[in-house]
Structures are given as C-alpha cells and as structure tokens.
Amino acid sequence: MSNEVAVGRRLGLDTLDRLGGQRRGWIGPAVDPRALRVGIVHLGIGAFHRAHQAVFTELAAAATGQDDWGITGVTQRSASVRDQLMPQDGLYSVLERGVGAAPLRVVGTVRDVVFGGGDPAAVVDRIADPAVRLVTLTVTEKGYRRDGTGRLDRSDPEVAADLGGQPPRTVVGQLVRGLQHRLAHDAGPVTVLSCDNLVGNGDVLRGLVQDFVDALPSSEAGGLADWIASSVRFPSCMVDRIVPATTDEDRADVLAVLGLEDRGVVVAEPFSQWVIEDDFAADRPAWQRAGAVLTNDVAAWEAVKLRMLNASHSLLAYLGALSGYDTIAAALSDDRLAAAAEALMVEDVTPTLQVPDGLDLDDYRCQVLNRFANPALRHRTVQVAMDGSQKLPVRLLGTVRDRLSAGAVPRYAALAVAAWMVYVAQGRDVRGRDLPLDDPMADRLRTATAGAGGGPGRVVDSLLRIPEIFGADLAEHDGFRAALVEHVGRLMKG
C-alpha cells in the first residue's frame with residue numbers, strides 16, 4: 001500500500017495490519033494489542049506517560065511474553081486523549097527527535113482510556129478490578145492537591161467534595177475510593193506508583209492517601225487504614241525523558257512515514273531513564289528487561305535529577321522566556337544562559353548531592369546540557385515555565401536551603417528564582433510579548449505582584465512572603481533576599 005492510498009486513513013488495528021512491518025521505516029507494537037489484558041491503571045495519561053512508562057511496559061511484556069500488562073489510562077482534565085486514542089484502538093506512535101533517534105514506533109499497550117472528569121465511577125471501578133495489580137500516576141505536582149505544609153489540602157473544594165461522598169474527581173479521592181472497593185470485594189493487594197517530580201514521591205502519595213482516610217467518618221474508614229498498611233505499597237521512582245508538546249509538523253511527519261493519520265502521536269528525545277524502588281505488593285512487569293533500574297535507594301538518583309536537570313531546565317525556561325527565546329535549545333545557545341545553567345549545577349547543586357554509585361556527575365552534567373541543546377525537540381520555554389509555584393520548592397528551594405545552611409548564598413539558584421519572579425511580575429519578554437502565567441496559584445501571584453509597585457525589592461518581598469511556596473524561613477534570610485533583589489533589579493532592566 002502506498003502512502004498516497006493511505007493518506008486520510010486513521011491509525012487503528014485494522015489499518016495497521018494492512019501496512020506491513022519494519023521495512024517501511026517504522027516499528028509496530030512489540031506485543032499483540034488484541035491479546036493484552038489490563039493489569040495497570042494509569043492516572044494522568046498525557047504525553048509523558050505514553051512516551052515513557054507505556055513504552056517500558058510494552059517492551060517488558062515483549063521480553064517476557066506476558067499478556068496481562070495492558071494499561072487503562074485515565075485522563076483527568078479533558079476528554080481529548082480519550083478522543084484521540086479510542087478511535088485508534090488505543091494505538092499511537094512515539095516520534096523520537098535528535099541524534100540517535102530510533103525509527104517511529106507504534107505502541108499498543110494502552111487498551112482503554114477513561115475520562116475521569118466525565119465518569120469518575122468508572123475510574124473507581126477500574127482501580128478495584130482484581131486483575132489490576134498496579135496503579136501508576138503522572139498527574140504533575142499540582143495534581144496532588146497539597147497545602148503549604150505538604151499535607152492534603154482539605155480546603156480545596158474538590159477534595160472536600162470527594163471527602164463528602166461525591167463521585168471522586170481528585171487523584172487522591174479516586175485512589176482511596178478505589179482502594180475501598182478493592183477491600184470490599186477482596187480484590188487483592190495493589191501497588192500505587194507515583195511517577196511525578198516530587199521528592200520522595202512514594203512517601204508523599206502514601207501520606208496524602210492516609211490524610212484522606214483519616215478524614216473519613218469512622219463508618220467509612222473502618223479497617224481501610226489497616227488494609228492499606230498490609231496490602232498496598234507506595235514505592236518511589238525517578239523518571240526522565242524530555243517530551244515536548246506535539247505540533248502539526250510532527251503529525252505531518254508521522255503521516256509521511258506511517259501513511260496513516262495519528263492524532264495521538266507523542267514526541268520525545270532518544271534518552272529515557274527510569275529508576276524504581278523495588279517494593280511491590282504484588283507482581284509487576286519486568287521493567288528491568290526494558291532498561292529500568294530497580295533499586296532499594298531511589299533518593300540519591302532522584303536528588304540528582306531534580307536538582308541538576310529539572311532545576312537547570314527551569315532556569316533556562318524563565319531566563320530564556322524573558323530574553324525572547326521560544327525554545328530551551330535556543331535559550332541554551334545564548335552563552336550567558338548556558339554559563340548560568342552550568343554554574344547552577346557546578347557551584348550550587350553539586351555540593352548538596354550524595355552521588356549514586358556508578359554515576360559520574362561531570363558526565364551527567366554534560367549529558368543534561370547536550371540533551372537541552374537538541375534543536376529537534378523544540379521544547380518551548382513557556383511550556384517548561386508552567387506551574388512554577390509547584391515546581392520551585394521541588395527543583396530549587398531544597399538546594400537553596402542546603403547551601404544557606406552551609407553558610408553560602410547560592411547565587412545561581414537565586415538567579416533562577418529571581419527569573420521566575422520577574423516572569424510572574426512583568427509578564428512580558430524583552431520584545432514586549434506577553435508571557436502566559438499558567439499556574440494553579442496564578443490569581444494569588446497576580447494579586448501579590450499587582451500591589452508591589454515597580455521596585456525590585458517590593459517584587460521580591462511580595463512573592464517571597466507566600467508561605468505555600470517559600471515557607472517562613474527564606475523570607476527571613478537577609479543574604480538570600482539581597483541576592484534576589486539584585487538579580488530581579490538587573491532582569492527587570494532587560
């Protein structure tokens with residue numbers, strides 16, 4: 001079949017069967033999608049999951065011949081992913097960009113997609129299915145609904161509604177109601193695996209689930225806490241792959257290679273990493289056969305990734321956006337910004353790390369910068385800049401606190417924080433273009449900076465005094481505040 005004949009036809013099991021195999025420059029599913037049974041529910045089935053955990057899971061199933069690790073994906077905020085994938089029988093392609101890119105891969109491990117916002121009861125039912133032994137999550141930092149102390153935010157209206165017995169719409173509410181149903185129907189043990197960029201993500205999620213259970217009436221929570229303690233595990237993990245937003249050009253490129261329209265294509269760099277705490281309540285896919293690292297100590301790997309890669313990513317996003325650069329690669333082409341990203345990792349972050357065995361930190365730093373410099377990814381600065389109020393505490397403020405405790409003011413970490421402050425307060429780049437403030441605290445941030453006037457000191461104080469982001473300690477540190485004021489003043493002058 002020629003591409004010309006296939007144009008206008010959509011990816012799906014029947015159309016894929018007619019195309020043939022790898023000789024056309026693409027790779028078909030590593031397992032037969034029709035034979036897969038669902039064993040995993042994934043909350044937050046966005047592009048990252050489809051380019052990362054779903055690929056690892058399919059390759060692991062292929063390596064072992066297992067047919068019971070299909071995925072039911074849950075999309076939380078809109079039905080768009082369901083509407084993209086279900087007419088395609090769950091199939092989608094992963095398009096790698098950059099040096100060493102693999103051929104286009106069609107992935108078939110997603111067997112069902114549920115829109116949680118439209119059918120929350122279906123999410124609970126899927127979690128309670130005895131065939132499901134794993135619930136995984138990529139819901140971003142804000143999806144956990146934490147308050148300023150890191151506990152479950154019971155003042156959040158949707159959390160309160162979930163606690164009040166409404167069909168659950170929050171991730172933690174869905175999890176707990178699903179676990180209740182598992183207990184009631186003797187569905188067996190289950191592992192809940194957070195794959196989000198949170199320090200100790202497994203412990204965080206376990207604590208939030210416990211907070212929810214503790215807030216339930218005793219008539220509902222009876223026995224649930226004990227059953228969770230004995231039958232549910234919350235391992236931590238670290239994930240890494242750059243997955244930029246898909247563009248019309250990407251979709252056109254897939255059409256040219258595959259000869260079929262794919263509305264669910266995701267784009268990714270060639271690099272992919274997954275480090276997982278080996279603590280499961282039941283069986284799991286053989287992810288190590290697909291290249292994942294199973295370990296008893298995720299924390300050191302996690303700290304390196306969050307403080308080096310994610311922190312420098314944020315620095316480049318805010319400084320790059322303010323400087324008028326549309327992509328991370330373009331920002332890194334600016335020698336001043338590249339030097340700042342490297343100095344952040346060398347001078348501020350490295351002294352705070354315990355390096356995992358077998359990891360060369362200098363090589364890792366060079367690898368990070370080379371990955372960011374990949375022009376084929378077109379990772380937009382404003383996309384990385386999203387949700388700064390949630391990302392700063394995880395990516396940068398731990399480094400800040402550690403360096404301040406050691407008697408040093410971390411100038412480049414302070415520069416990254418200052419760039420976020422100017423991004424929020426100024427809202428435009430050097431060319432006068434508006435910068436979007438896509439953040440769950442956007443209204444509060446705008447209110448705080450609106451009354452700050454134009455001076456750098458007022459801008460710093462208006463944001464530094466938001467305890468949900470900075471706690472109470474950082475606002476009281478004169479050296480850190482002074483570094484922020486200096487950086488903000490310089491950045492506001494352009």
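The values are calculated or read from the model by the stated rules, or taken from the named source; none is laboratory data. Just so it is clear, the structure is predicted and the values come from calculations on it, not from any experiment. Here the Cβ is made from the backbone with ideal geometry for all residues, glycine too, and neighbour counts use every protein chain on show. For the accessible areas, the whole protein counts, side chains as well, though only heavy atoms, and no ligand, DNA or RNA atoms are used. Shrake-Rupley method; radii C 1.70, N 1.55, O 1.52, S 1.80 Å.
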Subject >> Residue in region 41-58 that is most open to solvent (accessible area, probe 1.4 Å), counting only those that are among the small types (Gly, Ala, Ser) and in a helix (DSSP H, G or I) >> reply: Ala47
Subject >> When residues of region 152-170 are limited to those that are open to solvent by less than 10 Å² (accessible area, probe 1.4 Å) and assigned to a helix (DSSP H, G or I), the one nearest to Asp211 (Cα to Cα) >> reply: Val159
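Residue-wise test of (1) free of Cβ contacts under 8 Å to residues at least 40 places away in the same chain; (2) surrounded by fewer than 20 Cβ atoms within 10 Å (Cβ to Cβ).
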site	(1), (2)
Leu198	no, no
Gly207	no, yes
Ser219	yes, yes
Ser231	no, yes
Glu249	yes, yes
Asp253	no, yes
Gly264	no, no
Trp274	no, no
Subject >> Those residues of region 120-150 which are in a helix (DSSP H, G or I) and open to solvent by 60 Å² or more (accessible area, probe 1.4 Å), in sequence order >> reply: Asp125, Arg126
Original post:
In region 109-123, what residues are within 14 Å of Ile45 (Cα to Cα) and not aromatic (Phe, Trp, Tyr)?
Top reply: Thr109, Val110, Arg111, Asp112, Val113, Val114, Gly116, Gly117, Val123
**OP:** Could you please tell me which pairs satisfy a Cβ distance under 7 Å, a separation of 6+ or placement on different chains, a first residue in region 95-119 that is free of Cβ contacts under 8 Å to residues at least 60 places away in the same chain and part of a strand (DSSP E or B), and a second residue that is surrounded by 19 or more Cβ atoms within 10 Å (Cβ to Cβ) and of a type in the set (Ser, Thr, Tyr)?
**Re:** Val114/Thr72; Phe115/Thr75
Original post:
Could you list, in sequence order, the residues of region 233-247 that are buried (at least 17 other Cβ atoms within 10 Å of the Cβ), of a type in the set (A, V, I, L, M) and either over 24 Å from the mean Cα position of the chain (by Cα) or part of a loop (DSSP other than H, G, I, E, B) (or both)?
Top reply: Ile242, Val243
Subject >> Counted residues, region 8-24 - those being open to solvent by less than 80 Å² (accessible area, probe 1.4 Å) and either part of a loop (DSSP other than H, G, I, E, B) or at pLDDT below 80 (or both) >> reply: 7
Original post:
Using beta carbons and a limit of 7 Å, which pairs, at least six apart or on different chains, have the first residue in region 27-40 and open to solvent by less than 20 Å² (accessible area, probe 1.4 Å) and the second one in a loop (DSSP other than H, G, I, E, B) and among the basic types (Lys, Arg)?
Top reply: Gly39/Arg133
Original post:
Does region 431-448 hold any residues that are touching a residue at least 24 places away in the same chain (Cβ under 8 Å), under 17 Å from Leu491 (Cβ atoms) and either surrounded by fewer than 15 Cβ atoms within 10 Å (Cβ to Cβ) or in contact with a Lys or Arg (Cβ under 9 Å, 6 or more places away or on another chain) (or both), and which are they?
Top reply: Arg431, Arg433, Leu435
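Within region 476-488, is even one residue farther than 17 Å from Val400 by Cβ, assigned to a helix (DSSP H, G or I) and of a type in the set (A, V, I, L, M, F, W, C)?
no
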